[in-house]
Amino acid sequence: MSEIDPKAYQERLDRMSQILGDIVQHADQQALVRCPYKNKDNDCTAKFGCKFQRKPAPDRAFFQCSSDDKLDYRSAWDMEPQAYEEMQDKIRSQKKDRPQKGSGTITHQGEKQTLKSRQTIFDYADALKAEVPTSCFRSGICHECIVEVRKGMDALCPRTEAESFLKDDYRLACQAEVVDIDAHIEFAPLRRKPKILTLGREKETAFDPYVVRDGDRVFYEGEEVDRFRGHVYGLAIDVGTTTVVMDLVDLETGQSVAVRSFENPQRFGGSDIMYRISYDRDHPNELWKTLVNAINAEILSLGELLGFVRQEIYEIVVAGNATMRDLLFRLDVQGIGQKPYKSTIEDEYLAGERETTGIYQSSRRVGIRVNPKAKVYGVPIIASHVGGDVAADLAALDMGRQDEIVMVVDVGTNTEVVLGNKDRLMTASCPAGPAFEGGGIKFGMPGYDGAI
Ligand code: SF4
Ligand code: FES
């Protein structure tokens with residue numbers, strides 16, 4: 001056996017010590033932020049209930065962990081069994097403090113539950129079978145679970161950081177824990193489904209879509225965009241301040257396949273346009289994100305119901321007042337809120353920088369999850385607050401060819417009036433408030449489930 005070189009031996013020893021030292025240091029850092037029950041894939045392996053557990057992803061065996069890693073986990077990593085037990089209790093107690101029953105109630109659409117400690121509004125919504133949207137397993141990330149707290153706001157815990165974009169009586173259902181269990185609380189999710197008029201007088205129109213199928217290929221204005229997957233669909237969206245309506249249209253036949261309507265979930269940013277504009281200044285993109293999430297959720301649910309995939313939607317047309325349309329297109333809307341009430345698009349049009357006040361953008365840019373090659377067309381606005389919804393009214397009524405004087409009144413949260421005939425058309429708009437669509441009313445309710 002060769003003789004040991006003391007110098008080389010010491011070098012190896014130092015190297016080993018350094019590696020082990022690094023491991024210990026890394027473990028120390030990890031112990032500060034990493035729960036010992038998380039496996040290498042960040043799934044939760046705990047066999048007890050923890051409030052951070054979220055249901056397993058479809059192809060996984062373990063719960064997902066939604067912890068924000070703010071708990072100091074060091075004692076759970078100790079070799080002392082006692083410390084391990086203590087930590088286990090600490091994590092367990094986050095969920096398992098025996099819930100106390102109170103004398104208060106929580107109500108949703110007339111259905112009641114008795115209050116218990118350590119429950120969020122989302123827990124009660126589950127028990128009351130209230131549909132509250134989510135795509136983040138209730139971790140405060142998606143901002144979809146906004147609810148309006150109509151009574152008992154003081155009975156809830158203070159707003160969490162995830163709710164810093166909310167004001168007034170709006171909370172995230174997954175964050176709002178009931179702390180006063182003797183209070184009486186009433187809540188309503190945003191994005192309720194109003195019953196709207198879906199049938200009207202059909203009008204013969206020339207049918208000439210940009211998207212066509214040729215054999216097993218789909219073309220958009222002559223450019224091949226996809227293989228034929230079974231359907232060629234388009235989507236028409238009317239974005240109102242209070243109500244959003246979506247019409248899924250078969251672009252091969254021109255027939256409507258399904259109509260969906262839901263309350264515009266941007267209500268937490270104020271019930272009328274001016275409030276929404278100032279809200280968007282203070283919290284950029286929150287309103288856009290909320291609406292796009294709602295539209296995407298409806299597309300997904302329509303696909304599940306009717307058996308198609310979102311990639312089979314190749315074109316989207318959006319009509320709405322100038323603010324609603326431009327918020328969806330992620331444009332700066334501040335100009336519409338102050339004199340002379342012009343949108344950036346209208347300014348550019350008046351300066352001769354664009355030929356139309358209509359907008360074309362890719363669905364990716366807008367954030368709507370359909371075919372990646374799909375385009376979103378925003379119907380041209382007329383002027384100031386008179387937007388694309390009125391342009392759509394005029395096109396539907398063929399106002400540009402009327403001999404008689406005709407008056408059109410589009411009653412909504414923002415109401416527009418157009419008067420004239422083929423020679424001259426005049427228009428005006430005014431904020432009428434959300435009451436016409438059932439918003440902001442003290443007595444009665446709009447045509448939502450539970451009205452009858
Ligand atoms: S924090 Fe809770 S959910 Fe996350 S891994 Fe640990 S025990 Fe599981
Ligand atoms: S469920 Fe996603 S924020 Fe509440």
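The values are calculated or read from the model by the stated rules, or taken from the named source; none is laboratory data. The shown structure was predicted, so the numbers you read here are calculated from the model rather than taken from an experiment. Heads up, the Cβs are rebuilt from the backbone with ideal geometry, glycines too, and the neighbour counts pull from every protein chain shown. To get the accessible areas, we keep the full protein, side chains included, count just its heavy atoms, and leave off ligands, DNA and RNA. Shrake-Rupley method; radii C 1.70, N 1.55, O 1.52, S 1.80 Å.
Looking only at residues in segment 171-185 that are open to solvent by less than 60 Å² (accessible area, probe 1.4 Å) and touching a Gly at 6+ places or on another chain (Cβ under 9 Å), the one that is farthest from ligand 1 (Cβ to nearest atom) is Ala183. Scan segment 207-224 and give yes if some residue there is under 30 Å from Ser271 (Cα atoms) and within 30 Å of the chain's Cα centre (by Cα), otherwise no. No, because not a single residue in segment 207-224 is under 30 Å from Ser271 (Cα atoms) and within 30 Å of the chain's Cα centre (by Cα).
Return yes when Ala391 is at pLDDT 90 or above, open to solvent by less than 50 Å² (accessible area, probe 1.4 Å) and not assigned by TED's automatic domain parsing to the domain that holds Ile237 and no when it is not. It is true that Ala391 is at pLDDT 90 or above, open to solvent by less than 50 Å² (accessible area, probe 1.4 Å) and not assigned by TED's automatic domain parsing to the domain that holds Ile237. Selection within segment 96-129: residues that are of a type in the set (A, V, I, L, M, F, W, C) and open to solvent by 10 Å² or more (accessible area, probe 1.4 Å). The member of this set that is nearest to ligand 1 (Cβ to nearest atom) is Ala127. Here the condition is being in the same structural domain as Thr107 (by TED's automatic domain parsing) and under 25 Å from Thr242 (Cβ atoms); of Ala155, Ala183, Ala130, it holds for Ala130 alone. Would you check if Gly438 is modelled with pLDDT of 90 or more and surrounded by 14 or more Cβ atoms within 10 Å (Cβ to Cβ)? It is false that Gly438 is modelled with pLDDT of 90 or more and surrounded by 14 or more Cβ atoms within 10 Å (Cβ to Cβ). With respect to the conditions (1) touching a Gly at 6+ places or on another chain (Cβ under 7 Å); (2) surrounded by fewer than 18 Cβ atoms within 10 Å (Cβ to Cβ), Leu287 falls short on a single one, namely (2).
Filtering segment 199-206 for residues that are open to solvent by 80 Å² or more (accessible area, probe 1.4 Å) and of a type in the set (A, V, I, L, M, F, W, C) leaves a non-empty set. Being surrounded by fewer than 21 Cβ atoms within 10 Å (Cβ to Cβ), away from ligand 1 (no atom under 16 Å from the Cβ), closer than 15 Å to Ile181 by Cβ and not basic (Lys, Arg) is not true of Ser135. When Arg138, Arg118, Arg159, Arg171 are checked against the criterion of being touching a Ser or Thr at 6+ places or on another chain (Cβ under 9 Å) and either in a loop (DSSP other than H, G, I, E, B) or at pLDDT 90 or above (or both), Arg138 stands alone in meeting it. Of the residues that make up segment 29-52, is at least one under 26 Å from the mean Cα position of the chain (by Cα) and at pLDDT below 75? Yes: one or more hits.
Within segment 141-157, if we keep just the residues that are within 13 Å of ligand 2 (Cβ to nearest atom) and crowded, with 17+ Cβ neighbours inside 10 Å, the residue that is nearest to the chain's Cα centre (by Cα) turns out to be Glu144. Could you tell me whether segment 233-254 includes any residue that is surrounded by fewer than 18 Cβ atoms within 10 Å (Cβ to Cβ), touching a residue at least 12 places away in the same chain (Cβ under 8 Å) and aliphatic (A, V, I, L, M)? No - not one qualifying residue is present in segment 233-254.
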